[in-house]
1. Can you spot a residue in segment 563-576 that is part of a helix (DSSP H, G or I), of a type in the set (D, E) and surrounded by 16 or more Cβ atoms within 10 Å (Cβ to Cβ)?
2. For segment 318-360, how many residues meet the condition of being β-branched (V, I, T) and under 42 Å from the mean Cα position of the chain (by Cα)?
3. Going by the structure shown, is R201 at pLDDT 90 or above and more than 23 Å from the chain's Cα centre (by Cα)?
4. Looking at segment 363-379, which of its residues are among the basic types (K, R) and surrounded by fewer than 18 Cβ atoms within 10 Å (Cβ to Cβ)?
5. Here are V44, V96, V72: which of them is outside any helix (DSSP H, G or I), modelled with pLDDT of 70 or more, aliphatic (A, V, I, L, M) and crowded, with 17+ Cβ neighbours inside 10 Å?
6. Return the total of residues in segment 327-355 being farther than 27 Å from N255 by Cα and either buried (at least 22 other Cβ atoms within 10 Å of the Cβ) or aliphatic (A, V, I, L, M) (or both).
7. Restricting attention to segment 683-695, report how many residues are outside any strand (DSSP E or B) and either closer than 11 Å to Y636 by Cβ or over 48 Å from the mean Cα position of the chain (by Cα) (or both).
8. If you scan segment 179-203, which residues turn out to be over 19 Å from Y225 (Cβ atoms), surrounded by 15 or more Cβ atoms within 10 Å (Cβ to Cβ) and among the charged types (D, E, K, R)?
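The values are calculated or read from the model by the stated rules, or taken from the named source; none is laboratory data. Bear in mind that the values here come from a model prediction, so they are computed numbers and not experimental data. All Cβ positions, glycine included, derive from the backbone under ideal geometry; neighbour counts span all protein chains shown.
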Amino acid sequence: MSDTNTAAIEQRPKSSSGPATSNQESMIVRLSSLDNMLELAGEVIIVSSNLNAMSREIQEGAKVSRVLSDNVKDLAITSSRISSDLHNLVTDVRTVGMGDLFARFRRIARDTSRRLGKVIRFELEGVDICIDKRTSEKIYDPIAHQIRNAMAHGIEDKEIRVKLGKDPVGTVTVRVCNTENNTIIDVIDDGGGIDKEAVRRKVLKMELTDDKTLDGLSDEALFEYLYIPGFSTAEQTSATSGRGVGLDVVRDVMNQINGETRIKSEEGKGTTFSFILPKITAVNISDALLVRAEKMTFAFPISSVVASQAISVNEVTTIRGTSRTIKYLGRILPLFDLLEIFGESPVKIQDNQMRAIIVEYKNKRAAFVISDFMNPQKIVISEFDCEIKVPGLIGTAILTGRQMGLVIDLPGLFEQTFGNGKEMDINKSIRIDTCVKNNLMMDKENTPQTVSASTETMIPAATEADESVYEELDIDRPDSQFLKEVEVMLARLNQELFTLEEKHDTETADAIFRLVHSIKGNLTMCGAEEPASITHQVETILERARRGALELNDEVFDVLFDGSAYLEQVVQSLLTNQKPPVPSDKLLAGMENFRQEEKKTDQGATVAALDNAQAVLDPTGEFYLSSRRRDGAVLYRCHIEFNPGDQPHFLVAYLILRRLQRVADVLGSFPAMTDIEAGLCKGGIVVLLAPRDPKPDLLDTLDKNLKRYYGVERFEAATYA
């Protein structure tokens with residue numbers, strides 16, 4: 001399936017090691033374009049492999065000149081370097097920094113600590129680490145769940161911590177680091193640790209096992225029960241914990257991206273929950289160790305290969321006549337025949353010696369009997385067509401010399417061998433020759449020298465579990481680009497809000513105001529009227545804060561962060577062609593409070609200003625004032641307050657003045673007409689009038705008409721000496 005998703009990619013200088021700043025450039029990139037780049041990188045790698053093979057053939061005896069030999073060798077080295085650099089570059093382009101996720105985690109931590117009434121120190125480490133975009137989308141919810149759990153379950157109340165001699169303020173840390181093959185995200189708290197006795201009681205209550213079995217379990221094995229659906233030691237449900245949707249969902253998400261989870265906990269000292277993520281999850285290029293089993297070639301991910309060794313038949317132990325094991329570094333490992341797993345005849349053993357490859361996946365190790373080891377090689381994986389399912393195999397790869405190899409899928413292979421704790425039924429295995437031979441064994445005349453960029457199987461077919469949240473987005477829709485820009489701006493907004501909360505500086509407030517204004521414009525262009533209205537209210541709160549009319553306190557930031565979270569939900573919904581969500585009651589209530597407060601403040605300021613204001617007269621107004629006084633005309637100073645409703649204040653004020661001009665000369669006003677036209681009018685005006693035909697009921701008529709048609713709430717007129 002062609003990937004038409006888009007990704008916001010931030011351009012980061014290589015020398016940058018700190019968090020992303022708001023002035024860094026960003027761009028929107030199609031994920032389909034990135035996949036095409038990956039295909040191109042795959043073709044380069046195949047060419048490089050063939051050049052390496054040619055170089056070895058020449059070096060091993062082909063009759064060519066030394067100059068030609070050296071040139072081919074140099075070409076092979078150069079091609080290998082370029083292909084490797086291209087692969088690394090494309091992989092890097094697919095990644096996004098942790099800065100955006102960290103900002104969202106800080107918001108969760110802030111909201112959770114306030115809801116729980118706990119003062120908790122929240123720390124982040126590894127903001128400069130980058131991870132694959134699709135991985136970042138999937139891990140947000142699991143990590144957010146663990147942050148809430150750490151704060152709700154892990155960190156003790158202040159009084160308890162003081163009694164235990166701990167820092168009264170607990171600490172929750174999210175730490176990201178890279179190893180050679182994985183990215184590890186740790187959620188660490190210095191709380192009371194997991195109550196193992198409570199876990200045991202819950203296990204027994206749910207009748208999952210018996211006392212005797214529990215007594216012999218290690219902590220690691222005991223914690224495995226936490227992943228059972230509905231398992232919780234919380235006595236009550238709350239907004240942050242005990243809802244029955246917990247670690248089982250976390251593990252399911254991690255399984256979708258071939259990651260794993262680990263728990264370490266020490267009572268009284270805290271808990272560390274680790275997410276181990278493969279560095280590369282969405283590319284079709286991999287380093288592999290090639291092995292031969294009879295006439296078939298298999299490719300194992302080299303990062304999972306523990307060892308390869310020759311084993312005497314006498315070293316193999318047979319259990320109950322079926323299962324076989326070997327010893328490796330003091331550990332007993334199960335031994336399987338690689339061909340038998342796929343329903344083929346077993347590997348032939350010669351001279352009582354067998355060769356085995358030892359592989360590790362998610363803390364499990366197994367050995368597989370093979371015929372021979374081959375050279376490591378970069379491979380380009382062509383996944384099987386969706387109609388072909390071979391448990392333990394993910395697809396094929398074109399190897400050096402245009403040979404075909406079968407690519408091992410470790411999750412499927414270990415499911416075949418360890419699934420449900422039972423030995424595999426060989427008779428029910430899917431045979432390679434009957435399932436995939438017709439699709440994979442290409443005729444010589446059809447064997448491509450390189451893999452064409454149009455080969456559909458070059459790009460891994462998306463599965464339901466691996467689809468991006470933007471799958472349904474029609475990228476050719478004009479508003480989709482506006483939405484992607486909003487997504488990028490919201491990531492910056494989160495970071496800027498935390499900066500403003502820490503510094504309370506005008507420069508950051510101005511930057512946030514401009515961001516929110518741009519977000520409102522983009523949402524309006526997309527026809528999202530209600531979200532745009534919410535954004536306008538956020539903009540109003542920021543505008544009041546900028547001019548000092550509103551103190552930046554916790555209540556203000558609650559509304560700003562809730563508004564940002566709501567807009568994120570809106571964008572995700574619109575990108576998947578779904579109806580935007582309704583704002584939460586908490587957000588609406590917070591905005592309504594500020595709206596009422598603003599109304600009272602502005603009304604009070606307006607009344608105070610108008611009570612003491614005098615109409616502003618320009619030179620023409622001064623002339624008419626003197627002229628009307630000489631004529632003995634009665635002048636009136638009119639105090640007018642109005643509620644504009646959904647209309648701008650300046651427009652209603654202008655209409656009121658136009659209405660007054662029908663029956664009187666308007667000699668001046670406060671604010672002045674130029675200020676009213678500039679929008680500097682808030683709910684009221686003072687006008688100096690000289691009626692042209694002073695009827696006895698003129699003021700009463702004006703009072704009724706203005707209140708009826710223009711939302712006037714107060715009309716007072718007094719003679720002006």
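1. yes
2. Residues flagged as β-branched (V, I, T) and under 42 Å from the mean Cα position of the chain (by Cα) within segment 318-360 amount to 5.
3. No: the conditions fail for R201.
4. Within segment 363-379, just K364 meets the criteria.
5. Result of the check over V44, V96, V72: V96.
6. Quick first cut of segment 327-355, residues farther than 27 Å from N255 by Cα only: 327-330, 344-355.
Retained after the next criterion (residues that are either buried (at least 22 other Cβ atoms within 10 Å of the Cβ) or aliphatic (A, V, I, L, M) (or both)): 329, 347, 349, 354.
The total comes to 4.
7. Result for segment 683-695: 4.
8. D186, D189, D190
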